[in-house]
1. Answer yes if at least one residue in region 33-54 is surrounded by 14 or more Cβ atoms within 10 Å (Cβ to Cβ), more than 25 Å from the chain's Cα centre (by Cα) and assigned to a helix (DSSP H, G or I), and no otherwise.
2. Residues in region 143-190 that are at pLDDT below 85, outside any helix (DSSP H, G or I) and loosely packed, with under 14 Cβ neighbours inside 10 Å: how many?
3. Only one residue in 26, 12, 60 is exposed (fewer than 11 other Cβ atoms within 10 Å of the Cβ) and either more than 26 Å from residue 134 (Cα to Cα) or at pLDDT 90 or above (or both), so which one is that?
C-alpha cells in the first residue's frame, strides 16, 4: 500500500488504513514530538501527543491530499507538542539563575505575581526572532541545538540572543527597581 491508497481508504473510514499510517509514521512522528517535549515531560506525554497526531489525521483525512503527508504529520506533531507544553508550563521558568541580581534585587520588592507578569510582558515585547528563541529555550525547554536546528540558525547566534535577552530583562528590572525605590523614598518624605 502507498500513502495515496491508504489515504483514500482512510477517507472512507477504514481503520486498517489508520493502523497502516501508524505503523509507517509513528517512529517519525514520535521523533518530532520527542525533540520538542522530551526534555520537559514524561515518556507517556510523548506517547500521548504522538497518538493525538494520528487522531488528528483520522479526523482531517477528508481534507488531505497524499502529496506531502509526512510534512502534514510533522506540522501537526509540532503544533500539538507546543500546545501540550503550554498546558503543562503555566509560567515562564525564569526564577532560576538567569536573571542574577544582587541580594536586594527587584525581586525582593515585587510581589511574585507582579514579577511573573512583568517578565512575561517583557518577553512578549521582544522583537522576533529573539522572542521566539527566548520562549523556546525558557518556556518550551528546548535546547540551544534544537532551537538552532529548527530555526535554521547557528547555535552561537542562539546563545548570543539569549544572553542579550537576559541582559535586557536584567536592565529593565534594575531600572524598575530604581524607579520604584525612588518612588518609595519620595513617599516616605511626604
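1. Checking region 33-54: not a single residue is surrounded by 14 or more Cβ atoms within 10 Å (Cβ to Cβ), more than 25 Å from the chain's Cα centre (by Cα) and assigned to a helix (DSSP H, G or I).
2. Matching residues across region 143-190 total 1.
3. Only one candidate passes the filter, namely 12.
The values are calculated or read from the model by the stated rules, or taken from the named source; none is laboratory data. Since the structure is predicted, the reported quantities are computational estimates derived from the model, not experimental observations. Positions of Cβ are generated from backbone atoms using ideal geometry, with glycine treated the same way; all protein chains shown enter the neighbour counts.
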